[in-house]
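The values are calculated or read from the model by the stated rules, or taken from the named source; none is laboratory data. Quantities reported herein were computed from a predicted structural model and do not represent experimental measurements. Neighbour counts run over all protein chains shown; Cβ positions are idealised from the backbone, glycine included. Note: accessible area is taken over every heavy atom of the protein model, side chains too, but ligands, DNA and RNA are not part of it. Shrake-Rupley method; radii C 1.70, N 1.55, O 1.52, S 1.80 Å.
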Amino acid sequence: MTLSSVPLATSDIQIPEGARRNSTLICVPIMADSVDQMLGQIRKAKEVGGDLVEIRLDYLKNFSPRQDLQFLVKQSPLPTLVTYRPTWEGGQYDGDEGKRLDGLRLAIELGADYIDVELQVAPEFINSIRGKTSGNVKIIVSSHNYQNTPSAEELGNLVARIQATGADIVKIATTALDITDCARIFQVLAHSQVPTIGIAMAERGLISRILSAKFGSYLTFGSLEAGVVSAPGQPTVKDLLDLYNFRQIGPDTKVHGVIGKPIGHSKSPHLYNSAFKSVGFNGIYLPLLVDSVKNFLTTYSSPDFVGYSYTIPHKEDGLRCCDEIDPIAQAIGAISCMIRRPADGKLMGYNVDYLGAIAAIEEGLRASNGTTSVGSPLAGKLFVVIGAGGAGKALAYGGKEKGARVVVANRTFEKAKELASKVGGEAMTLAELENFHPEDGMILANTTSVGMKPNIDNTPLSKKALSRYSLVFDAIYTPKLTRLLREAQESGAIIVYGTEMFINQAFVQFERFTGLPAPKELIREVLVRNT
Ligand code: NAP
């Protein structure tokens, strides 16, 4: 089925600037050898916008309980959560258990706002403090699973066991082996009757930490520095606040993201979240590290999960999961953008990759010819596309549409043949391309990931071969100036950056996601700042 029209506004309430739309706290873990270092980190936590700090006593060397706790709790400018994590629950403390629990009791006595005690010892511990606390402290009873995320039923039972201890706040931290594991954490948060902290740890659990604000987690953890984390997968406070607009996330916030694997390098979250914020759009855009597109879409099928960009290696799988596909995406065999239609929840696929790239190549050619003709300057040109994946198909179809003579070269020759036959072009191997020189003034478009970060010294075509091209485009945009583009420039060719393709298709996607005109200047600025 094809699309009858190209909508789409998932549009929504506008968010007033600076509004805080959730009560989820940002807790900064404090891990240092000494109390002085800890206090320094606590002050920094306040500066960067944390709401409370988790003082990890198990990291302290030479811990003097009364003196150190008094100092930290009294000096802290933020509310304190005191945790003394034993090695048997993933922490650093491997001493006497009685002393450890005494430390926590002391923290209560000295005025800590929260303490965290592990489920395994919680019943006994809570019994031991019953009637002896001022009542201001909140007891978090926690369970950590470093292997996996259990079934919804098992998690439900776990919550019930934690609640039965008399916990003020339930904390469940599991390990996400797949991004769909986060959905079970969201389910726990959505159904819990008591304040609950739910987190899926590790890279595939990142969305659980950010969407904690949408699903009502009591708190989420944000580190002071990237990589200096108390549990795998923690984002920084700065990223939570500035990149993901954490305070503006509400229960009705619409979820968008870029689906790929790997996805850590993607600039798209910077771009769309800034753009959403600038127009007050009630949406968030996440990096989505997806192993199976089908499982992801089946799991996150609620009306609030509304729009996705697709990147390597999921553009073709994405197409297979659409309910409706626009004709260009159908012809290309890959999508770059998917929208859930608000009216009926149907998933609609588009390919907007080629729009930006072809427009940028045409601009480059026009500028070099000094022409402003209405016809495409690509018409009649020999247009060599390296790569036959999603971007390769988009460029090859785009070139064909503009009347170019298309040549496709690809590592897997079969794929080059298949694509070339679809666009009425010629196929060749990468080795053949090295000596391909039927005429001067050819146009080259690299659509492989060869030369992309971190492998920036790689290039898909030798410098010698590049001298035969008048214009070279590289779809890669990290780095902006790839080795291919640098050598093409040195060989006298006009170069067109992948960022141009990215920017143009970002304008289109933004408009599809929001139903609003794209803030073009802002999008350009964010991209410049992040490349
Ligand atoms: P894809 O569908 O997975 O296709 C990857 C292509 O790269 C295939 O042709 C593959 O050849 C080739 N390739 C991968 N590793 C190679 C190697 N070591 N040597 C030779 N060829 C290799 O990916 P895609 O979505 O088309 O994306 C490809 C590139 O375009 C990425 O760098 C991506 O970031 C970029 N891109 C940029 C934009 C933008 O807006 N600027 C948009 C989309 C994509 P085989 O067929 O032999 O595997």
**Item:** In nm, spacing of pseudo-spin labels at residue 61 and residue 124 (7 Å Cα→C-beta vector)
**Value:** 3.1
**Request:** Rank these by accessible area, largest first, 1.4 Å probe: 34, 467.
**Result:** 467, 34
**Spatial separation of Cα centroids for the stretch 151-188 and the stretch 370-410, in angstrom** = 52
**Item:** Surface share of carbon and sulfur [accessible, 1.4 angstrom probe, percent] for the stretch 98-172
**Value:** 44
**Prompt:** Under 5 Å between amide H atoms, partner at least 5 residues away or on a different chain: which partners does residue 254 have, H built in plane at 1.01 Å?
**Reply:** 283, 284
**Prompt:** Two-decimal Rg/Rh of the stretch 182-281 from alpha-carbon positions, Kirkwood Rh?
**Reply:** 0.95
**Message:** Taking a virtual spin label 7 Å from the Cα of residue 359 along the C-beta vector, which residues in the stretch 474-518 bring their backbone nitrogen under 13 Å of it?
**Reply:** 500-512, 518
**Request:** Please pull out the direction-averaged projected area of the stretch 121-259, using the convex hull of its alpha-carbon atoms, in nm² to one decimal place.
**Result:** 9.3
**Asked** In the stretch 387-436, which chymotrypsin sites (Phe, Trp or Tyr not before Pro) are in a loop and have at most 14 other Cβ atoms within 10 Å, using DSSP for the loop call?
**Response** none
**Asked** Given Cα pairs under 8 Å that are at least 6 residues apart, what percent is the relative contact order of the stretch 110-169?
**Response** 44
**Fill in**
Computed ³J(HN,Hα) along the stretch 484-497: with the Karplus parameters 6.51/-1.76/1.60, θ = phi - 60°, integer Hz and x for glycine or proline, the list is 4, 5, 4, 5, 5, 4, 4, 8, x, 7, 6, 10, 10, 6
**Complete:** dims of the chain, Cα set, principal axes, largest to smallest, nearest Å -> 88, 48, 42
**Prompt:** What fraction of the DSSP beta bridges in the chain is antiparallel, stated in percent and rounded to the nearest 5?
**Reply:** 10
**Prompt:** Where Lys and Arg each count +1 and Asp and Glu each count -1, what net charge lies around residue 518 among other residues with Cβ under 11 Å from its Cβ?
**Reply:** +1
**Request:** Name the residues whose placed amide hydrogens come within less than 5 Å of the amide hydrogen of residue 201, ignoring near sequence neighbours (fewer than 5 apart) on the same chain.
**Result:** 174, 175, 176
**Request:** Would you work out the relative contact order for the stretch 89-200, in percent, from Cα pairs under 8 angstrom that are 6 or more residues apart?
**Result:** 23
**Complete:** Expected unfolding gain across residue 323-residue 294 under the 0.36 nm per residue rule, minus the alpha-carbon gap, is 9.2 nm
**Too-long pairs where the Cα-Cα distance tops 27 Å, listed order kept, from 261/463; 346/453; 402/520** = 261/463; 346/453
**Item:** Estimated [θ] at 222 nm from DSSP helical runs (n ≥ 4, -39500 (n - 2.57)) normalised by residues in the chain, nearest 500
**Value:** -10500 deg cm²/dmol
**Prompt:** Applying the Karplus parametrisation 6.51 cos²θ - 1.76 cosθ + 1.60 with θ = phi - 60° to the phi angles of the stretch 131-140, what ³J(HN,Hα) value in whole Hz is obtained for each residue in order, glycine and proline being reported as x?
**Reply:** x, 10, 9, 6, x, 7, 6, 10, 9, 9
**Request:** Provide Rg and Dmax in Å for the stretch 27-133, with only Cα atoms included in the calculation.
**Result:** 13.1, 38
**Message:** Just to check I understand the Karplus step: with θ = phi - 60° and J = 6.51 cos²θ - 1.76 cosθ + 1.60, what whole-Hz values come out for the stretch 397-406, glycine and proline as x?
**Reply:** 5, x, x, 4, 4, 8, x, 7, 8, 9
**the chain: relative contact order as a whole-number percent, Cα under 8 Å and 6+ apart** = 12
**Message:** Please report the carbon-and-sulfur percent of the accessible area for the stretch 359-476; probe 1.4 Å, protein heavy atoms only, DNA, RNA and ligands left out.
**Reply:** 50
**Prompt:** List the trypsin sites (Lys or Arg not before Pro) in the stretch 113-201 that DSSP assigns to loop (not H, G, I, E or B) and whose Cβ has at most 14 other Cβ atoms within 10 Å. Which are they?
**Reply:** 130, 132
**Fill in**
accessible surface per residue for the chain, probe 1.4 Å, DNA/RNA/ligands not counted, whole Å² -> 41
**Antiparallel DSSP beta bridges within the stretch 154-267, percent to nearest 5** = 10
**Message:** Solvent-accessible area of residue 314, probe 1.4 Å, all protein chains present, reported in Å² to the nearest ten, please.
**Reply:** 10
**Message:** I'd like the distance separating the alpha-carbon centroids of the stretch 438-514 and the stretch 287-337, in whole Å.
**Reply:** 25
**Asked** In square angstrom, rounded to the nearest 10, how much accessible surface does residue 168 have for a 1.4 Å probe?
**Response** 60
**Request:** Sketch the reach of a paramagnetic label on residue 252 as a point 7 Å from Cα along Cα-to-Cβ, and name the residues of the stretch 299-315 whose backbone nitrogen lies under 17 Å away.
**Result:** 303-306
**Asked** Going from most exposed to least, what order do 468, 66, 411 have by accessible area with a 1.4 Å probe?
**Response** 411, 66, 468
**Asked** If you stretched the chain out fully between residue 87 and residue 374, how much longer would it get, using 0.36 nm times the residue separation minus the C-alpha to C-alpha distance?
**Response** 96.3 nm
**Complete:** For residue 28, the residues 5 or more places away or on another chain with a placed amide H closer than 5 Å to its own amide H are 51, 52, 53, 54, 222
**Prompt:** Loop-only check: which trypsin sites (Lys or Arg not before Pro) in the stretch 296-351 are DSSP coil with at most 16 other Cβ within 10 angstrom?
**Reply:** 346
